[in-house]
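Q: Below are the structure tokens for one structure; questions will follow.
The values are calculated or read from the model by the stated rules, or taken from the named source; none is laboratory data. Quick caveat, the model's predicted, so the values are computed rather than measured. So basically every Cβ, Gly included, is an ideal-geometry build from the backbone, and we count neighbours across all protein chains shown. Keep in mind that these areas ignore ligands, DNA and RNA; they rest on the heavy atoms of the full protein, side chains included. Shrake-Rupley method; radii C 1.70, N 1.55, O 1.52, S 1.80 Å.
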Amino acid sequence: MFLEVKGLTKSFDGTQVLKGIDFTLEKGQVLSVIGSSGSGKTTLLRCINSLETADAGEILVGGNKIFDAQDAGAGRGIPREARLSFGLVFQSFHLFPQYTALENITLAPTLRIRTLCRKRRLSRAARDELLQKATEKALELLSKVGLSDKRDFYPCQLSGGQQQRVSIARALALNPDVLCFDEPTSALDPEITGEVLKIIKELAAEDMTMIIVTHEMTFARDVSDKILFMDGGVIAAQGSPEEIFGSHENTRLQTFLTSFYSNQAGAEPV
Ligand SMILES: Nc1ncnc2c1ncn2[C@@H]1O[C@H](COP(=O)(O)OP(=O)(O)O)[C@@H](O)[C@H]1O
Ligand SMILES: [Mg+2]
């Protein structure tokens, strides 16, 4: 197993919002996480991405333990490399408004290179070569998300769909082992969700390992190898898209899907 999440729990102010999450994912697989609002989906992604520290549990990538709540509890921090295993694309883009599209993508790699060069006392020429490579890679990524012509645009000059594509490129620039998305299209107008979903589909075809929290059920069904249904901080069902969207015994899942589809049929926002 490439990714193993074992027994993750997390409480806020005495309320447990993750109640023991266990799942695994093979390299190159796509996992979609569905479930109603408040079921703990974002908290799960934030714990996996080290933006929150889980109270209990472990995370392994490629057999290496990159998080152990016992170590974190004992004050032994999460190694920097662990955080770099994952990338996260946020619902509301979170681009830096004062930087251009290209600069948003090169910012983190540039900081990483500068730190590395200082630590290893590399020459200025070696550093400049690495920085040049980072810029070339960022330009490739901009082209991959179809935004080569927008490299010098600021986020406020880009549509929501374009901003989200820049943030996907930004996450990819750090070469994550697992790329996570938290409702990547829910802040977008329906007519432009497709341009973002298309990029995610292309990444899936390239065997990028991904965890996608989404309300796009048709998309989840198409793109996923595995689906988790979260309900009240637990994984209430997991399985293949056929198992989850086909006939099933789980009444909580049935209720969720039925109310989801009936909302969609009406003109109500979901
Ligand atoms: N930083 C926080 N402080 C306190 N409560 C939080 C925090 N983050 C999330 N919660 C609570 O945890 C529960 C799960 O939230 P969340 O993970 O955002 O769910 P989802 O993404 O499925 O909507 C909710 O009840 C939410 O209010
Ligand atoms: Mg959420």
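Q: Classify region 96-233 as rounded, prolate or oblate, taking a ≥ b ≥ c as the square roots of the eigenvalues of its Cα gyration tensor: rounded when a/c is under 1.5, otherwise prolate if a/b is larger than b/c and oblate if not.
A: Prolate is the answer for region 96-233, as a/c is 1.5 or above and a/b outweighs b/c.
Q: Here's another thing I want to ask about it. Calculate the spin-label point distance for residue 121 paired with residue 254, positioning each point 7 Å from the Cα along the beta-carbon direction, and give it in nanometres.
A: Those two pseudo-labels are separated by 7.0 nm.
Q: Which value, in debye to the nearest 20, describes the size of the charge dipole of region 220-268 about its Cα centre when Lys and Arg Cβ atoms bear +1, Asp and Glu Cβ atoms bear -1, and nothing else is charged?
A: Roughly 80 debye, rounded to the nearest 20.
Q: Given points 7 Å out from each Cα along the Cα-Cβ axis, report the residue 225 to residue 262 separation in nanometres with one decimal.
A: So the label points at residue 225 and residue 262 sit 3.6 nm apart.
Q: Looking at 169, 141, 113, which one has the Cα that reaches farthest to the positive end of the dipole of region 97-175 (charges on Cβ: Lys, Arg +1; Asp, Glu -1)?
A: The residue sitting farthest along the positive end of the dipole is 113.
Q: Continuing with the same structure: Might you report the magnitude of the Cβ-based charge dipole of the chain about its Cα centre, with Lys and Arg at +1 and Asp and Glu at -1, to the nearest 20 debye?
A: Around 1420 debye, computed over the chain.
Q: So, one more: If we sort 177-188, 109-120 on the protection proxy, mean other Cβ atoms within 10 Å, highest first, what's the order?
A: Order by mean packing, descending: 177-188, 109-120.
Q: Please compute the length gained on full extension between residue 92 and residue 22, using 0.36 nm multiplied by the number of residues separating them and subtracting their Cα-Cα distance.
A: Contour length minus the Cα-Cα distance gives 22.5 nm.
Q: Taking 8 Å as the Cα distance limit and 6 or more residues as the minimum spacing, I'd like the relative contact order of the chain as a percentage.
A: About 26 percent, as a whole number.
Q: Within 10 Å, count the other beta carbons around each residue, average over each peptide in 39-49, 125-135, and list them highest first.
A: 39-49, 125-135
Q: Once both axes come from the Cα atoms, what is the angle between helix 190-205 and the longest principal axis of the chain, in degrees from 0 to 90, rounded to 10?
A: 70 degrees
Q: Would you mind checking the pairs 65/119; 6/119; 119/201; 10/133; 27/144; 19/144 and listing those with alpha carbons more than 32 angstrom apart?
A: Where the Cα-Cα span goes over 32 Å, the pairs concerned are 6/119; 119/201; 10/133; 19/144.
Q: Here's a follow-up. Between residue 175 and residue 37, 0.36 nm times their residue separation minus their Cα-Cα distance comes to what?
A: Residue separation times 0.36 nm, minus the Cα-Cα distance, leaves 46.7 nm.
Q: Now for a different question. What are the extents of the Cα atoms of the chain along their three principal axes, in Å, largest first?
A: Principal extents (Cα only, largest first): 63, 48, 34 Å.
Q: Also, quick follow-up: Given +1 on the Cβ of Lys and Arg, -1 on the Cβ of Asp and Glu, and no further charges, what dipole in debye does region 97-175 carry about its Cα centre, rounded to the nearest 20?
A: Roughly 540 debye, rounded to the nearest 20.
Q: What accessible area per residue, rounded to a whole number of Å², is obtained for region 97-175 using a probe radius of 1.4 Å?
A: 57 Å²
Q: On a full-extension model of 0.36 nm per residue, what is the gain between residue 111 and residue 139, subtracting their alpha-carbon distance, rounded to one decimal in nm?
A: Separation in residues times 0.36 nm, less the Cα-Cα distance, equals 8.3 nm.
Q: Run the helix sum for the chain: -39,500 (n - 2.57) per DSSP H stretch of 4+ residues, divided by residue count, reported at 222 nm to the nearest 500 deg cm²/dmol.
A: Helix contribution divided over all residues of the chain: -13000 deg cm²/dmol.
Q: Looking at the chain as a GNM with Cα springs under 10 Å, which of 124, 165, 252 has the largest mean-square fluctuation?
A: Ranking 124, 165, 252 by mean-square fluctuation puts 124 first.
Q: Further, regarding this structure: Using a 1.4 angstrom probe on heavy atoms only, work out the carbon and sulfur share of the accessible area of region 211-270 in %.
A: Carbon and sulfur atoms account for 48 percent of the accessible area of region 211-270.
Q: Starting from the Cα gyration tensor of region 14-164, take the square roots of the eigenvalues, sort them a ≥ b ≥ c, and report rounded, prolate or oblate (rounded when a/c is under 1.5, otherwise prolate if a/b is larger than b/c, else oblate).
A: Note, shape of region 14-164 comes out oblate.
Q: Once you order the gyration tensor axes a ≥ b ≥ c over the Cα atoms, which shape class does region 97-175 get: rounded for a/c under 1.5, otherwise prolate or oblate by comparing a/b with b/c?
A: Taking the square roots of the gyration eigenvalues as a ≥ b ≥ c, region 97-175 is prolate.
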